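Visitor: The structure that follows is given in the form of structure tokens.
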Amino acid sequence: MLRYAFKRLMQGIITVFFIATATFFGMHSVPGDPLANDKAMTEKIRANLEVKYGLDKPLLSQYGIYMGNLLRGDFGISYTQENRRVNDIIREHFPVSATLGILAIAFAGLGGVLWGALTALYRNRLPDLVIMLLVILGISVPSFVFAALGQLLLVNLNDQFGFSLLPVAGWGTVAHMLAPSLVLGLGTMAYLTRLMRSSMLEIINADFIRTAKSKGLPATRIFTHHQLRNAILPVITVLGPSIAAITTGGFVVEMLFAIPGLGRYFVQAVQQLDYTVIMGTTVFYGAFLVFMVIVVDLLYGLIDPRVRLE
Amino acid sequence: MAETTYSAEDFAPAPALASVQGISRPSLSYWQDAWLRLKANRRALYSLYIVIALLAFTLVGPVVWNIDPALQDLQQISQAPQADRNATIIEPYKPWDGADAPMVARLRLAEPPTTQAVRLVWGALPGAAGYRLYRNIFPVGEERAYGLPLFETLDPAKHHFEDRLDLRPQTYFYSVVALDGQGRLTDAFETVEAEVRRVITVEEAEAMGLAEAGQALAPGDRIKLQAHPLGTDYLGRDMLARLMAGARVSLFIGLVAPLIFIAFGVAYGAAAGFFGGWMDQALMRFSDFVVALPFLLFMILIRVISGVQPGESGVAPMVLAMVLLSWPATARLVRGQILQIREEGYISASQLLGAGAPYLVLRHMIPNTLGVILVTLTFAVPTAIFTEAFLSFIGMGVAPPTASWGSMCNEGIKTMLTHPHELIFPALFISITVLAFNLLGDGLRDALDARMRSRE
Amino acid sequence: MTTKAISSTSLAIRQLGLFAFAAVAGLAALMWGLNLLANLTASASGANSAVDAASNAITVLISSEPPQLDSSLSTDQVSGMVLGHVMEGLLRYDENNELAPGVAESWRINADSAVFRLRENALWSDGKPVTAQDFVFAWRLALAPDNASQYAFILYPVKNAEAINQGTQPPEALGARALDDRTLEIEFERPIAFFDKLTAFSTYYPVRQDFYESTDGTYGADADKLLYNGPFVIASWVHGQSLDMRRNPLYWNQGRIHLDRINAGYITSDPNTSLNLFKDDKIVLTGLTPENLTSALEQRWQIHRFMDGSLFFLELNHRPDRLTSNLNLRKALYLAQDPNELVYKVIKLPGYLPGVSLFPSFLDGPHGRFRDDHPPPAHRIDVAAARRHLALAQAELGLDEFPSLVLLTGDNTVSNVQSEYFQAVFKKNLGLDIKIDRQIFKQRLAKMTSGEFDIVMAGWGPDYDDPLTFGDLFASWNLNNRGRYSNPAYDEQVRIAQNALDAEVRMAAFANMQRIIHEDVVIIPSYDRGVAYVTHPRLQGVRRRVVGADPDYSNAYIVPEA
């Protein structure tokens, strides 16, 4: 087990290296001028800026310098958030996104398993239909609509009650997190619900369930030890990458709820061609994702003894 | 008791009869069987009808409702469905210099108010060093909410104003409030009510093709404006025509991209899961690599590499980018399932019976992961539709004025409160599409899943 | 069999119930844990209501994190708004938008030089006096070629500034000298009519050398990495979340500040969030969009409007290899569109003015508004004339058929709507195909610089309060002249406006520029931008400014509850 984990970590580092390399060269081949701004600048000043950011050197040596800095854990200084180190940007904003993401994933995971199991048990009966319609609404209406509607609802509720039931936007307390994390987790919850239902249905008629029944095991034990445990596997598979995606990618929700998360830097950095921030966030996200995938694979082995890790 | 006697003939072999060996009903292949059971599933059948209806809407719709989806009817911007369409013909707009309007005592309308212009004149208010003119949709009440400030002057001699801002056929309440020397509001104000009439000039009516052949329109005539069954958008474009045109883009991208990348993901994941070992490791590390690439950046890159010129629709590169960047999630999911199934007894049994790898994967493994695959597919549809909308918004998708459901939603959200129809209709079509494919997916899954037979 | 199945289902559901209960308990525990964590990492926003009379504080929203609070490098509006509250230049704009003494208590401006006398009680937030050297240091900083300050050009009226910025002169050659701690003498490069107005601009703010050097390249990156001399100081700055400004007890003019605290507690650019926060009594001011105007009316709010001084226009590409270098084609485009329709039907927001000139309506001449003395040429849409010009253009260019023109625009909602509107207008009135080239920010800029467009939707905001800030935009040497318009007659007028001191002569030059722009159809003006907004009824004295900090809360005060 430990040896396996170590081996995976080594592979992970190589994967991150490739991610960094591909992004570096991809980024530099996108047209556009990262130094340009509303006010035009003279050639002279441009040249100075290029020296400042090391853009005057050949691309390969820029790559060498960047990778060297990366090894030392230095992501460089942002192009657009001047004087701020990318390390500081990630250090300050990632915990916020992570907090929001953990809560969203908790909502999504618990809700998805619960609703999914319920719909499988009530297959093709009323609860199944109602939940399915809600799920379809949940995935075919984008999250910014829910965010906007949720916020509107909060404003009107606060207005009705005459005091602040829940904050409309902002950050700092759990009260601030509730609405945005629900909105953020909604899509994943809908997805997990359907996934859980589907895999539950596969399991319900499996041979080993029949065996367990005929063995006379109590229904509750069959449900928890055999059905739930088996059905939850695909959910866990999806959850790993989702955690990485949600904790870093809540751009719209962060914007709408005025949350100081990392998500907005992901999108803005590309639009602004902020080279160091693109690299920093991508490498960080890549490493995080690879790590989550390893965790999920390890979990797999724990939950399902049939899956051999070696 | 009767005696039975047997002769030797009785023990002779019976003649071979073909009818005994034959099966009374025709033999069904796996797929025929699946089709039969799909037909028996009522919900799946309905969903099939919905899909057909959607296709008809997309392909036949534009022929029946033959309106240019890019045509802007600026007379009817953000018009709700079933709104009143009556309009009066009026002379073309002429600039108005209210300076020669008669001096009046109170605020009043200089001319009958129309959607072309509302012209106001007022007299001197006591102690006014200037005026500010407001427009509201309610009478000014206790709280003195005058409404939208339209105009301000610090010249006390100025006593007229022409309002042309977004006039709609409804009742407005105009107020003129006196300002003091510093430009602050004083308590002196007057209000007038204006019931605005919808008008259109002969030129505009002809440009929109409203005049019947040979009919000469003259000021004062009453006509009906262009009909818009589902209302219009923020530029007065017909919602129905745009929904039909948008269906083409959205359904194409929403179905083709997911189908390709899920097919690829399934093949990839099945290969990884089936072969296992170093193959699995290498394949899955590559999929981790692809997931972590910044989507937007590589989207732009793929578009640049495909050489799409400005103003051209980049649908193909967009689908390509979605396929190249979106398959790993499916691959992971399928691989996980295959890993699980690989250990099942029936696989070993099949292997003992001499089944080869392709047979095992195609006949045993993939059909057993179908449930999960179909869920992924149904979820990939709206995701692709909205990805298209986002990419079009930043100039990486279809070229304007091409419509798509996703971008109609994006635009509609802004006017959600005032003109909900601009959001509801496209969202409804997306929901119906997703619903149909969800139900169809469910039905397919039930039909294809061999174990489900025992339940019926 | 059936009954058995149902009973096992109901048992399973009981199990699910247990699971749900455990889930909710787990979630509550998780939230409690996160709450502890969140309280450790950040100060909560939204605890206060918009106006807090007890602590004499207000909460405001800013649309983005200020990207650059180093005044020598800062360019954007949000940074400008923050800097305007925490810094002060030699002069400043007062509550009536008139120039007033700032750090300088008196000054004298001659044809070729100026002397500013600094007040004794102007202090930095660490208690040391603001000296003339601090200004000299700041200006050299902005001009240092290595710093590549985008606003270095605004210092060019100072002698040798341009040469220093180009690296051909040493920084010591700058024509700004501290005669002593309180006397700043400035030599001009050439006569300038509006130097006093420039000194209120943020690039002219002082920076103290020893403090700047102690921050080691992170000047302005955090609350404690900046030294203040304005009416407020930044007490705390949580990036992306809040920026808390408190009254500066060392500021010399305590009489003009009334608030003790301005807390920028929310950072988002979403207009609906802003409106919702205002509705929820969390912020004191919100802008309105055409889409939420009706909700504002229904709330019975007092709506204000304001022109922010920016001009938006279609800029045409005058490079010789482009079709738009043909005057008749430009005239056709100009005559075929109607800015009134754009503003009244498409934009739909009060405060916008249909564009008629390069010079927006707020600009002043010697006798009031520039436009009153020099009315811009009238524009009326004339499709027939437009088509005649198009036919002429077609003949001149020797084209059988007009190819499509490329309209370059940005990736925001406003330009989406407007570009689609223009596309339809030119199609309808001229039969011209317009291809919309929508690009993200940096790619649009790159294309504007390299000239890969026929028409670009552009805007220009004033850097200082003089028509020249618009007038020199189309001088042939100006790099912001993205369409590369080049006309010696126009350049001549720009030189007059730059060098003359007599107001009448300068205004005549601007009037000539206005005429040339119109006759040559250098640009097609679309609108002067407006802003519709609402403020908290108990907050008075908020200033909106065309140049300088906008909105300016530094003179605002809370009125007692009625």
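Visitor: Could you pull out the chymotrypsin sites (Phe, Trp or Tyr not before Pro) across region C:476-511 that fall in loop regions by DSSP (anything but H, G, I, E, B) with no more than 12 other Cβ atoms inside 10 Å? Display every interim value, and only then the final one.
Guide: Values: sites: C:Trp477, C:Tyr485, C:Tyr490, C:Phe510; in loops: C:Trp477, C:Tyr485.
Sites meeting the loop and neighbour criteria: C:Trp477.
Visitor: What does the charge count near A:Leu157 come to, summing +1 for each Lys or Arg and -1 for each Asp or Glu among other residues with Cβ under 13 Å from its Cβ?
Guide: Details: positive: C:Lys279; negative: A:Asp159, C:Asp280.
Residues close to A:Leu157 contribute a combined charge of -1.
Visitor: On C-alpha positions alone, give me the angle between the axis of helix B:277-292 and the longest principal axis of chain B, in degrees, nearest 10.
Guide: Compared with the principal axis, the helix lies near 10 degrees.
Visitor: Quick check on the protein assembly as shown: of the DSSP beta bridges with both residues there, what percent are antiparallel, nearest 5%? It would help to have the intermediate numbers written out before the result.
Guide: Values: 89 of 106 bridges.
If we restrict to bridges inside the protein assembly as shown, about 85 percent are antiparallel.
Visitor: Hey, if you put +1 on the Cβ of every Lys and Arg and -1 on every Asp and Glu Cβ in region A:93-261, which of A:Ser199, A:Pro95, A:Trp115 ends up farthest toward the positive end of that dipole?
Guide: The listed residue farthest towards the positive side: A:Ser199.
Visitor: Using the heavy atoms of the protein chains alone and a 1.4 angstrom probe, what is the accessible area of the protein assembly as shown per residue in square angstrom?
Guide: Numbers: 53660 Å² over 1328 residues.
Here the residues of the protein assembly as shown average 40 Å² of exposed surface.
Visitor: May I pose another question? At A:Tyr4 and A:Lys57, where each label point lies 7 Å from the Cα along Cα→Cβ, what is the point-to-point distance in nanometres?
Guide: For the pair A:Tyr4/A:Lys57, the computed spacing is 4.3 nm.
Visitor: Output the antiparallel fraction of DSSP beta bridges having both residues in region B:94-218, as a percent to the nearest 5.
Guide: In region B:94-218, approximately 95 percent of DSSP beta bridges are antiparallel ones.
Visitor: Rounded if a/c is under 1.5, else prolate if a/b is larger than b/c, else oblate: which is region A:175-227, with a ≥ b ≥ c the root eigenvalues of its Cα gyration tensor? Present the calculation step by step, with values, prior to reporting the outcome.
Guide: Working: a/c = 7.55, a/b = 2.63, b/c = 2.87.
Since a/c reaches 1.5 but b/c is at least a/b, the shape of region A:175-227 is classed as oblate.
Visitor: Please report the relative contact order for region A:74-188, taking Cα pairs under 8 Å with a sequence separation of at least 6, and give it as a percent rounded to a whole number.
Guide: Working: 76 pairs, mean separation 34.7, N = 115.
Relative contact order for region A:74-188 comes out at 30 percent.
Visitor: Using a loss threshold of 40 Å², tell me which positions in region C:335-366 are less accessible in the complex than in their chain alone. Probe radius 1.4 Å, ligands and nucleic acids ignored.
Guide: Flagged in region C:335-366: C:Tyr344, C:Lys345, C:Lys348, C:Pro350.
Visitor: Name the long-range amide H neighbours of C:Gly365: under 5 Å, sequence gap of 5 or more, or other chain; modelled H, no Pro or chain starts.
Guide: C:Phe370
Visitor: Given H placed on each backbone N at 1.01 Å, which residues far from C:Leu118 in sequence or on other chains put an amide H within less than 5 Å of it?
Guide: C:Glu105, C:Thr183, C:Leu184
Visitor: Please report the orientation-averaged projected area of chain C, defined via the convex hull of its C-alpha atoms, in nm².
Guide: Over every viewing direction, the Cα hull of chain C projects on average to 36.2 nm².
Visitor: Which of the residue pairs B:Lys94/C:Lys427; A:Lys39/B:Lys414; B:Lys158/C:Lys279; B:Lys224/C:Lys345; A:Lys44/C:Lys447; B:Lys414/C:Lys279 have a Cα-Cα distance greater than 28 Å in the structure shown? Present the calculation step by step, with values, prior to reporting the outcome.
Guide: Details: B:Lys94/C:Lys427 24 Å; A:Lys39/B:Lys414 31 Å; B:Lys158/C:Lys279 36 Å; B:Lys224/C:Lys345 20 Å; A:Lys44/C:Lys447 20 Å; B:Lys414/C:Lys279 17 Å.
Table pairs above 28 Å Cα-Cα are A:Lys39/B:Lys414; B:Lys158/C:Lys279.
Visitor: Report the FRET efficiency, 1/(1 + (r/R0)^6), for B:Glu193 and B:Ala357, where r is their Cβ-Cβ distance and R0 is 60 Å, rounded to 0.05. Write down the numbers at each step before the final one.
Guide: Numbers: r = 82 Å, r/R0 = 1.37.
With a Förster radius of 60 Å, E is 0.15.
Visitor: Residue by residue through region C:422-437, what is 3J(HN,Hα) from phi via Karplus (6.51 cos²θ - 1.76 cosθ + 1.60, θ = phi - 60°)? Round to whole Hz and write x for glycine and proline.
Guide: 5, 4, 5, 4, 5, 5, 5, 8, 10, x, 8, 8, 10, 9, 8, 10
Visitor: Need one number: % antiparallel among DSSP beta bridges in region C:334-463, to the nearest 5.
Guide: Details: 2 of 9 bridges.
Approximately 20 percent, going by the DSSP bridge assignments.
Visitor: Here is a further query. Calculate the FRET efficiency for C:Asn121 and B:Arg184 from the Cβ-Cβ distance with a Förster distance of 41 Å, rounded to the nearest 0.05. Walk me through the numbers before you get to the answer.
Guide: Values: r = 33 Å, r/R0 = 0.79.
Once the sixth-power term is evaluated, E becomes 0.80.
Visitor: By its C-alpha gyration tensor, with a ≥ b ≥ c as the square roots of the eigenvalues, how is region C:413-458 shaped: rounded for a/c under 1.5, else prolate for a/b larger than b/c, else oblate? Could the numbers behind the result be given before it?
Guide: Values: a/c = 3.17, a/b = 1.67, b/c = 1.90.
Since a/c reaches 1.5 but b/c is at least a/b, the shape of region C:413-458 is classed as oblate.
Visitor: Oh, and also: Rounded to whole Hz and in sequence order, give me ³J(HN,Hα) for region C:265-282 from the Karplus expression 6.51 cos²θ - 1.76 cosθ + 1.60, θ = phi - 60°, writing x for Gly and Pro.
Guide: Working through the residues one at a time gives x, 9, 10, 7, 9, 7, x, 6, 4, 4, 5, 5, 5, 5, 4, 7, 6, 10 Hz.
Visitor: Let me ask another. Taking a probe of 1.4 Å and counting only protein heavy atoms, give the total accessible area buried between chains A and C in Å², rounded to the nearest 100.
Guide: Buried area between the two chains comes out at roughly 5900 Å².
Visitor: Right, next: Return the residues of region C:241-280 for which accessible area with all protein chains present is lower than in the chain on its own by 10 Å² or more; set the probe to 1.4 Å and exclude ligands, DNA and RNA.
Guide: Listed by number, the residues meeting the 10 Å² cut-off are C:Gln241, C:Tyr266, C:Ile267, C:Thr268, C:Ser269, C:Asp270, C:Asn272, C:Thr273, C:Asn276, C:Leu277, C:Lys279, C:Asp280.
Visitor: OK, next. As a check on your grasp of the helix formula, calculate [θ] at 222 nm for chain A: sum -39500 (n - 2.57) over DSSP H runs of n ≥ 4, divide by the residue count, round to the nearest 500.
Guide: Details: 12 runs with 225 residues, N = 310.
The helix-only estimate for chain A comes to -24500 deg cm²/dmol at 222 nm.
Visitor: Quick one: which residues, 5+ away or cross-chain, put their amide H under 5 Å from the amide H of B:Asp221? H built at 1.01 Å from N.
Guide: Those qualifying (amide H under 5 Å, at least 5 residues apart or on another chain) are B:Ile89.
Visitor: Now for a different question. Can you tell which of B:Thr232, B:Ile432, B:Trp405 lies farthest toward the positive end of the dipole of chain B, using +1 and -1 charges on the Cβ of basic and acidic side chains (Lys, Arg; Asp, Glu)?
Guide: B:Ile432
Visitor: Per residue of region C:314-328, in order, report the coupling 6.51 cos²θ - 1.76 cosθ + 1.60 (Karplus, θ = phi - 60°) as ³J(HN,Hα) in whole Hz, putting x for Gly and Pro.
Guide: Rounded to whole hertz, the list is 8, 8, 9, 8, 9, 4, x, 7, 9, 4, 5, 6, 7, 5, 5.
Visitor: Please work out the Kirkwood hydrodynamic radius for the protein assembly as shown, using every pair of different C-alpha atoms, and report it in angstroms with one decimal place. Provide the component values of the computation, followed by the final result.
Guide: Details: mean 1/r = 0.0289 Å⁻¹.
Evaluated over the protein assembly as shown, this radius sits at 34.6 Å.
Visitor: Taking chain A as the reference, fit the longest principal axis to its C-alpha atoms, fit the long axis of helix A:174-204 to the helix C-alpha atoms, and give the angle between the two in degrees, 0 to 90, nearest 10.
Guide: 50
Visitor: Evaluate the charge dipole of the protein assembly as shown about its Cα centre and quote only its size in Debye, nearest 20, assuming +1 on the Cβ of each Lys and Arg and -1 on the Cβ of each Asp and Glu. Kindly include the intermediate steps, with their values, before the conclusion.
Guide: Values: 110 positive and 126 negative charges, 925 e Å.
Here the protein assembly as shown has a charge dipole of around 4440 debye.
Visitor: As I understand it, the dipole of chain C uses +1 on the Cβ of Lys and Arg and -1 on the Cβ of Asp and Glu, about the Cα centre. Which of C:Ser274, C:Leu392, C:Val559 lies farthest toward its positive end?
Guide: Ranked along the dipole, the leading option is C:Ser274.
Visitor: Per-residue ellipticity at 222 nm for chain C, helices alone: DSSP H runs ≥ 4 residues times -39500 (n - 2.57), over residue total, nearest 500 deg cm²/dmol?
Guide: -10000 deg cm²/dmol
Visitor: Which semi-axis lengths, in whole Å and largest first, follow from the square roots of five times the eigenvalues of the Cα gyration tensor of region C:307-530? Walk me through the numbers before you get to the answer.
Guide: Numbers: eigenvalues 148, 77, 62 Å².
Working through the eigenvalues yields semi-axes of 27, 20, 18 Å.
Visitor: Shifting gears a bit: Computed on protein heavy atoms with a 1.4 Å probe, what is the summed buried accessible area for the chain pair A and B, in Å² to the nearest 100? Please list the in-between numbers first.
Guide: Values: alone 17320 and 25250 Å², together 37540 Å².
Roughly 5000 Å² of accessible surface disappears when A and B pair.
Visitor: Determine by what factor the alpha-carbon radius of gyration of region A:93-261 differs from 2.2 N^0.38 Å, reporting the quotient.
Guide: On the way: Rg = 18.6 Å, N = 169, 2.2 N^0.38 = 15.5 Å.
My calculation over the Cα atoms of region A:93-261 gives 1.20.
Visitor: Let a ≥ b ≥ c be the square roots of the eigenvalues of the Cα gyration tensor of region C:432-560; is it rounded (a/c under 1.5), or, if not, prolate (a/b larger than b/c) or oblate? Please report the intermediate quantities before stating the final value.
Guide: Details: a/c = 2.61, a/b = 1.38, b/c = 1.90.
Oblate, because a/c is 1.5 or more while a/b does not exceed b/c.
Visitor: Hey, another quick one. Would you mind counting up the charge near C:Val559? Only other residues with Cβ under 15 Å from its Cβ, with Lys and Arg at +1 and Asp and Glu at -1.
Guide: On the way: positive: B:Arg184, C:Arg538; negative: C:Asp52, C:Glu561.
Around C:Val559, the surrounding residues sum to 0.
Visitor: Given a 1.4 Å probe and every protein chain left where it sits, what share in percent of the accessible area of the protein assembly as shown is carbon and sulfur?
Guide: On the way: 31860 of 53660 Å².
The value for the protein assembly as shown is 59 percent carbon and sulfur by accessible area.
Visitor: Rg/Rh for chain A: what does it come to with C-alpha atoms and Rh from Kirkwood? Kindly include the intermediate steps, with their values, before the conclusion.
Guide: Numbers: Rg = 23.8 Å, Rh = 22.4 Å.
On the Cα set of chain A, Rg over Rh gives 1.06.
Visitor: Then there is this: In region C:231-324, which GluC sites (Glu not before Pro) fall in coil by DSSP and have 12 or fewer other Cβ atoms within 10 Å?
Guide: Working: sites: C:Glu291, C:Glu298, C:Glu315; in loops: none.
In loop regions of region C:231-324 (DSSP not H, G, I, E or B), there are no sparsely surrounded GluC sites (Glu not before Pro).
The values are calculated or read from the model by the stated rules, or taken from the named source; none is laboratory data. As the structure is a computational prediction, the values presented were derived from the model and not from experiment. No Cβ is skipped: glycine too gets one built from the backbone with ideal geometry, and neighbour counts run over all protein chains shown. Accessible surface is based on the protein model in full, side chains and every heavy atom, while ligands, DNA and RNA are left aside. Shrake-Rupley method; radii C 1.70, N 1.55, O 1.52, S 1.80 Å.
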